[in-house]
Amino acid sequence: MAPLEALLRHHAFRVLALAGLLSLGLVASCSSAPAASAAQVAGGGPAAPAPGVPGTSDAKSLRIPVKADGQGFSPDRIEVARGAQVVLVFKRTTNETCATAVVFPALRIERDLPLNQEVEVALPTGESRTLVFQCGMGMYRSQVLVH
Ligand SMILES: [Cu+2]
């Protein structure tokens, strides 16, 4: 199957799935996400650092791995404490996804995600807000809650 064709099919499916969710009013519900994909990370608490990954950022920063694959980004919901030094470490693990880049619209950050390469994005956590990140076309959406 041609990659473009796969992408188009993927997006067509996502549109249908999103339309279905919208009609059910489930979009805003946490329970619509697979339980395993949600993560809560408290600043200063036991983090989930990627073992064996050489730290290129400040040792005190919280490094949160985010996987990009055929299901989109996981975890798709991340909570961090306001004021914490947070670095999201993205890694795309398959070509069977359109999440070949990650975009933070509110931050005007856009990064390519080369296959199997870690890409770090430091987050501003000075104010309480929800930071959405998504694939280049905005079909996969995840969020970071700063509070
Ligand atoms: Cu997409």
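Just so you know, all these numbers are worked out from the coordinates, no wet-lab data involved. Please read all numbers here as calculations on a predicted model, not as lab measurements. A quick note on method: Cβ atoms are made from the backbone with ideal geometry, for glycine too, and the neighbour counts reach across all protein chains shown.
The figures follow:
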read-out	value
Ratio of Rg to Rh over segment 55-147 (Cα coordinates, Kirkwood Rh, two decimals)	0.94
Fewest-first ranking of L131, L88, using other Cβ atoms within 10 Å as the exposure measure	L131, L88
Separation in nanometres of the label points that stand 7 Å from Cα toward Cβ, at T94 and M137	1.6
Amide hydrogen neighbours beyond the local backbone of Q85, cut-off 5 Å, H modeled	L62
Least to most buried among D76, D112, D69 (fewest other Cβ within 10 Å first)	D112, D69, D76
Residue-by-residue Karplus 3J(HN,Hα) for segment 113-121, coefficients 6.51, -1.76, 1.60, Hz, glycine and proline x	10, x, 4, 6, 10, 7, 10, 9, 10
Residue order, fewest to most beta carbons within 10 Å, for E118, E110	E110, E118
